[in-house]
Amino acid sequence: MQKKIPFNSDWLFKPCFDERDRQAAPREEEFERVDLPHTNKMLPYNYMDERDYQFVSCYAKWFELPHSAAGQDVFLDFEGVMLVARVYCNGCFVCEHLGGYTPFSARLTGVVKPGQQNWVVVEVDSTERPDIPPFGKTVDYLTYGGIYREVQLRFADTTRLEQVRLFSPDCMAERKTLRAECKVLARQACEATLLLRLHHKNGSASETRQIVLLPQGASTWPLALEKLADIELWQPDNPTLYQVEVELQAAEQTDLEVLRFGFRECRFTAEGFLLNGRLVRLLGLNRHQSFPYVGYAMPKRVQRRDAELLKNEAGINLVRCSHYPQSRHFLDRCDELGLMVIEEITGWQHIGDESWKQNSLCELEELIQRDINRPSVILWGVRINESQDDHDFYTRTNRLAHALDPTRQTGGTRYIRHSELLEDVYTYNDFSYDGGELVFRPQRESTGLENQVPTLVTESMGHMFPVKQCDNESRLAEHALRHLRVIDETLGRADLAGGVSWCAFDYNSHGSFGSGDKVCYHGVYDMFRNPKYAAAAYASQKPPKEGLVLTPITRGARGERDGCGMVPFTVLTNCDFVRVYKNGALVGDFYPDGTGYPHLPHPPVTVSHLLEAALPFGFSDEDTQAYRAFVAKQCPDGNLLYMGETECAYLKGLAERYSLQFIGLFGATIRMAGGWGEAEIELVLEGWLDGQLVRRLVMSEGESSAGLRLLPDDTALTLSGDTYDATRVVVQAVDERGNPRPYSQDCVEITVEGPAQLMGPARLPLWGGCGAVWVRTIGQAGTVQLRAEGLYHQTECIIEVE
Ligand code: GAL
């Protein structure tokens, strides 16, 4: 039986490597002690020098191997080392792995000594080596360095299960089949039993067994469970996963592999994307797996949280893992949540020479091998993102992907038009939208093909409209409206399977991209995973039962805008309508704009004026109506203050008719409609759904900063995982009602008391009124008290480590 032991704590690390490290036992005094995932260099949030992490470092670890491991194969399984790893054990070279995003196993058999102290050394080259994807040219992301994913120690019998592939060829049938392809390794030819078991939801199990004559070496055996009844399909709103076991029973050696499987059938067609026979519109965001300070080195819970945020909060159904294989933990959560995934090989625009291509093919194989059993993965991206056509290379990547996985289609992202279609799906980036009329080109303009083919837009927005969390209202609001327009187009275009926008989270990049501070502010969330308004453009499209959204995309202050007005403003919501009160008086009900956004399930609501429902002027019904229409016409341009002669003449006439002073009516009109001056405005927005008041939000111009808030994603962390645990804690400046204070200039210092540690600096400025820190466990249980101290306020929160 294979035994797997987490191998993540008590590593030794030094930021250099010399010849001696290959042969000699590590001298502890030269190293610092670290846990995995580990980044070779902590970086500042921005303005970092990316050369700081591009060096060769040394990781070492002492370990004892039990006597029982004698006669077994011993492996170290690495999940991800950036960028090249050379593994040595007890002074002997074991293996080299090129590429930072896929797993590999170092076979230590023969060089490790059971029953004794052993040491392993990993030489980690984190430089941008031009022979390995994505490098050769500058890429728009950073790759960081170190052993940034987990490692396990594994002892395996010499007769064992090497790999199990699961698939169901007839998911849509009433009674389904589960097939397993079991790759077995045998030390010598022998008879064995192979067993396939599926656990049903009602607690029962279906099982089949087969006696096989294993030849010496590797062989592959098919097993099948047929006519399985009452199997639930895996789908986004009900992502049913089944536990499947494969057992090998040979004379003295047995092995067991426990897997998860989802029954589902997916297919991109010229008419759209079919999931389990139903047309599903794909709406997604691209994800980079990077975080502030630690780069890629985040543990399980934090990786999983990204998937939760995208599926549960943003409400999208697809994520593209741009532009490389991402964390297994993130993908596990996608499987569990029903968040569909596009995975792709590493790269960015550049294709290298033949050995570079070999490395890429090798990565593709490792990627497919790792993730073939995931129901969430609906497409293999087999092109280097946005590269030029390369007939031979892409014929090879396609052939390899299809050979390894005949069940999934391939795609490959290009930006060039009329690119050669060697894949099953024409996936392409369309950055046409610049706020004008055109959102996405007609399919044929992109493909250059006569006939309609399966297509998916894999990127839009991004560099076309970068936005920082601390930008002013109009830019953040325009960003949200542009995403909304893209979503509308994505959902409405019959010639597309859907669209994936750029991107989920702001990310660090090289200086030739981004805002001059090595950050691309392209996210609908910032790098701390705090939402910009644009996140609500996605979230508000969710069915209300998946989470109510009522997000006004305004600071709610007259002086923020050019021209000093408050209206019109947009409310992103999945409520039926929004009722507005101003300073206690009812303004009216505002409804979604289905005309402007015909394809959105929940179009935005425009609050076009702030005139009270009951006007205090004594106008007749007719004049009231005309006056309202007049104000409504003035408001959309925000030009209340700038009334011309015609407008003034209208107001003068009205004033005369009702014996009012023109100047008084003029001023009242401006103020009542939400224009400049006098008393502070307090707005109440109510979200109504099915005749019920379901959300209420109060915003007031006059609010002072009332304090800070610490919001941990989790209030309990565990010591029982394979390595340290961590969670994010959001820091916010808020007013008395708990509304964010986006222009708070606070600078916060975080202190931690108890068994935990910050994963980054202890001081941070609040940008757009918010920020976040990540806190990790340090191997002891207890209560952790986190305190945030700003210039004027302080607050605390508690996290239990159990
Ligand atoms: C695309 C590219 C992405 C990112 C994006 C920025 O061309 O594929 O990686 O750079 O532009 O908008």
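Since every read-out is calculated from the coordinates, none of them should be taken as a lab result. Treat the numbers as computed from the prediction; the structure is a model and nothing was measured. Glycine also receives a Cβ, built like all others from the backbone with ideal geometry; neighbour counts cover every protein chain displayed.
For LEU476, neighbours were defined as the other residues whose beta-carbon sits under 12 Å from its Cβ, and their charges (Lys and Arg +1, Asp and Glu -1) total 0.
Quick check: convex hull of the Cα atoms in segment 651-691, volume per residue, rounded to a whole Å³? Once divided by residue count, the hull of segment 651-691 is 116 Å³. Checking the Cα-Cα distances for LYS41/LYS300; LYS311/LYS545; LYS300/LYS518; LYS201/LYS300; LYS3/LYS183 against a 24 Å cut-off, the pairs over it are LYS300/LYS518; LYS201/LYS300.
Placing unit charges on each Cβ (+1 for Lys and Arg, -1 for Asp and Glu) gives the chain a dipole about its Cα centre, and among TYR242, HIS38, LEU142 the Cα reaching farthest toward its positive end belongs to TYR242. Working ranking of peptides 11-18, 646-653 by packing, defined as the average number of other Cβ atoms within 10 Å per residue, highest first, is 11-18, 646-653. The lysines whose alpha-carbon is closer than 23 Å to the alpha-carbon of LYS652, local same-chain residues fewer than 8 away aside, are LYS633. For segment 126-234, the spread of Cα positions along the three principal axes, ordered from largest to smallest, is 53, 40, 23 Å. Projected over all directions and averaged, the alpha-carbon convex hull of the chain occupies 37.9 nm². Could you tally the net charge around LYS137, taking each other residue with its Cβ under 14 Å from the Cβ of LYS137, Lys/Arg +1 and Asp/Glu -1? Within the 14 Å Cβ shell, the charges total -4. Applying 1/(1 + (r/R0)^6) with R0 = 22 Å to the Cβ-Cβ distance of ARG399 and GLU354 gives a FRET efficiency near 0.85. Taking the average, over residues, of other Cβ atoms within 10 Å as the packing measure, peptides 613-623, 342-352 rank 342-352, 613-623 from highest down.
The Rg/Rh ratio for segment 52-139 is 1.06, where Rg is the radius of gyration of the alpha carbons and Rh is the Kirkwood radius. In order along segment 99-112, phi translates into HN-Hα couplings of x, x, 10, 10, x, 8, 10, 9, 8, 8, 3, x, 9, 7 Hz, rounded to whole numbers, per the Karplus curve 6.51 cos²θ - 1.76 cosθ + 1.60 with θ = phi - 60° and x for Gly and Pro.
Taking the DSSP beta bridges with both ends in the chain, the antiparallel portion is around 85 percent.
Below 12 angstrom from the Cβ of ASN238, what's the summed charge of the other residues (Lys, Arg +1; Asp, Glu -1)? Display every interim value, and only then the final one.
Working: positive: LYS201, ARG264; negative: GLU232, ASP237, GLU336.
Summing Lys/Arg as +1 and Asp/Glu as -1 gives -1.
Taking amide H as placed 1.01 Å from N in the peptide plane, LEU83 has its amide H under 5 Å from the amide H of ASP125, SER126, THR127, GLY146, each at least 5 places away in sequence or on another chain.
Grab the beta carbon distance between ARG278 and GLN692, set R0 = 45 Å, and tell me the FRET efficiency rounded to 0.05.
0.90
Ordering CYS520, CYS171, CYS334 from the fewest to the most neighbouring beta carbons within 10 Å gives CYS171, CYS520, CYS334. Within segment 365-438, the proportion of Cα pairs with more than 16 Å between them is 51 percent.
Annotation: extensible slack from ALA679 through LYS3 equals 236.2 nm (criterion: 0.36 nm per residue apart, minus Cα-Cα distance). Shape analysis of segment 580-631 places it in the oblate category; the axes a ≥ b ≥ c from the Cα gyration tensor give an a/c of at least 1.5, with a/b not above b/c. Directionally averaged projected area (segment 618-745, Cα convex hull): 14.1 nm².
The packing ranking of peptides 180-192, 487-499, highest mean first, is 487-499, 180-192, where packing means the average number of other beta carbon atoms within 10 angstrom of each residue. Under the rule of -39500 (n - 2.57) per DSSP H run of 4 or more residues, summed and divided by the residues of the chain, what mean residue ellipticity at 222 nm is obtained, to the nearest 500 deg cm²/dmol? Helix-only estimate at 222 nm: -5000 deg cm²/dmol. Only Cα sites of segment 1-159 enter the Debye sum here, all with the same form factor; the resulting log10 I(q)/I(0) across q = 0.08, 0.11, 0.12, 0.16 1/Å is -0.23, -0.43, -0.51, -0.87, listed in q order.
Quick check: from the Cα gyration tensor, does segment 469-617 come out rounded (a/c under 1.5), prolate or oblate?
Because a/c hits 1.5 or more and a/b fails to exceed b/c, segment 469-617 counts as oblate.
Could you tell me which of rounded, prolate or oblate describes segment 327-404, using a ≥ b ≥ c as the square roots of the eigenvalues of the alpha-carbon gyration tensor, with rounded for a/c under 1.5 and, failing that, prolate when a/b is larger than b/c and oblate otherwise? Walk me through the numbers before you get to the answer.
Values: a/c = 2.27, a/b = 1.99, b/c = 1.14.
Taking the square roots of the gyration eigenvalues as a ≥ b ≥ c, segment 327-404 is prolate.
Which value, in debye to the nearest 20, describes the size of the charge dipole of the chain about its Cα centre when Lys and Arg Cβ atoms bear +1, Asp and Glu Cβ atoms bear -1, and nothing else is charged?
It comes to approximately 780 debye.
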